[in-house]
Amino acid sequence: MVKASWLLTLKASWMADMGEPNNLEASICKCKAGRDMVWVSQKAVELMGPLGCSRKYMFEKWMRDSKIGDIYEGTQQLQKLVVARRIFGYSREELA
Ligand SMILES: Cc1cc2nc3c(=O)[nH]c(=O)nc-3n(C[C@H](O)[C@H](O)[C@H](O)COP(=O)(O)OP(=O)(O)OC[C@H]3O[C@@H](n4cnc5c(N)ncnc54)[C@H](O)[C@@H]3O)c2cc1C
């Protein structure tokens, strides 16, 4: 799961480096990596039990911070809209 997010991010970055239009790939990797980050940090808190919620360790902070990665620079829902528009060839007006 995390490896797939990493590879998708590498692909979108490589396309940007090559000057290729990559908004589909960038939205796919933002969508997936944002979701995976939240899932992984939640699992870490669960695995650590009470210590996972303690401020003595970073787990609960990582879980709070991971959700930001899923919100800014375009939320999960907006990324899915970009992907659907590109895949199905809809315009912004047709799929808002
Ligand atoms: C910690 C933090 C740092 C930030 N830093 C920056 C920054 O440096 N620069 C900057 O410009 N912005 C920054 N932002 C703003 C961030 O980019 C926006 O909060 C984010 O894009 C969501 O926009 P919004 O808050 O206006 O929510 P809205 O756009 O009002 O969305 C609210 C909810 O409705 C959903 N939604 C909205 N439209 C649709 C739709 N058409 N279909 C389905 N669902 C929809 C969204 O997914 C979201 O869940 C930051 C935000 C945070 C929390």
Check your understanding: In deg cm²/dmol, rounded to 500, what helix-only [θ] at 222 nm does the chain give when every DSSP H run of at least 4 residues adds -39500 (n - 2.57) and the total is split over its residues?
Key -> -24500 deg cm²/dmol
Point to revise | Debye log10 I(q)/I(0) for region 2-88, one point scatterer per Cα, at q = 0.16, 0.21, 0.22 Å⁻¹ | key: -0.67, -0.94, -0.99
Check your understanding: When the accessible area of the chain is computed with all protein chains present and a 1.4 Å probe, what percentage of it is carbon and sulfur?
Key -> 65
Check your understanding: In debye, nearest 20: dipole of region 2-88 around its Cα centre with unit charges on the Cβ of K, R (+) and D, E (-)?
Key -> 240
Revision key, fill the gap. Nearest 10, in degrees from 0 to 90: the angle of helix 23-48 to the longest Cα principal axis of the chain is 10
Review point. List the GluC sites (Glu not before Pro) in the chain that DSSP assigns to loop (not H, G, I, E or B) and whose Cβ has at most 12 other Cβ atoms within 10 Å. Which are they?
Key: Glu73, Glu93, Glu94
**Study point:** Proximal aspartates and glutamates relative to Lys3, as straight alpha-carbon distance under 15 Å, when same-chain residues fewer than 8 apart are discounted
**Key:** Asp36
Check your understanding: Quick one: helix 2-17 against the long Cα principal axis of the chain, what's the angle to the nearest 10°, folded into 0 to 90?
Key -> 40
**Study point:** Solvent exposure of the chain as accessible area per residue, Å², 1.4 Å probe
**Key:** 71
Check your understanding: In straight Cα distance, which aspartates and glutamates are under 14 Å from Lys80, not counting same-chain residues fewer than 8 positions off?
Key -> Glu25, Asp70
Point to revise | Listed residue (Leu24, Tyr90, Val40) projecting farthest to the positive dipole end of the chain, Cβ model | key: Val40
Practice item. Round to the nearest 10 and give me the degree value, 0 to 90, for the angle of helix 76-88's Cα axis relative to the longest principal axis of the chain. Key: 30
Point to revise | Nearest-10 value in Å² for the accessible area of Leu95, using the 1.4 Å probe | key: 50
Exercise for review: Go through region 1-84 and name the trypsin sites (Lys or Arg not before Pro) that are in a DSSP coil and have 10 or fewer other Cβ atoms within 10 Å of their Cβ.
Suggested key: Arg55, Lys56
Practice item. Could you tell me which of the pairs Lys11/Lys43; Lys30/Lys67; Lys32/Lys56; Lys11/Lys61; Lys30/Lys56 are separated by over 20 angstrom between their Cα atoms in the structure shown? Key: Lys11/Lys43; Lys32/Lys56; Lys11/Lys61; Lys30/Lys56
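The values are calculated or read from the model by the stated rules, or taken from the named source; none is laboratory data. Since we're looking at a predicted model, the values are computed, not measured. Cβ atoms come from the backbone with ideal geometry, glycine included; neighbour counts cover every protein chain shown. For accessibility, only protein heavy atoms count, side chains too; no ligands or nucleic acids. Shrake-Rupley method; radii C 1.70, N 1.55, O 1.52, S 1.80 Å.
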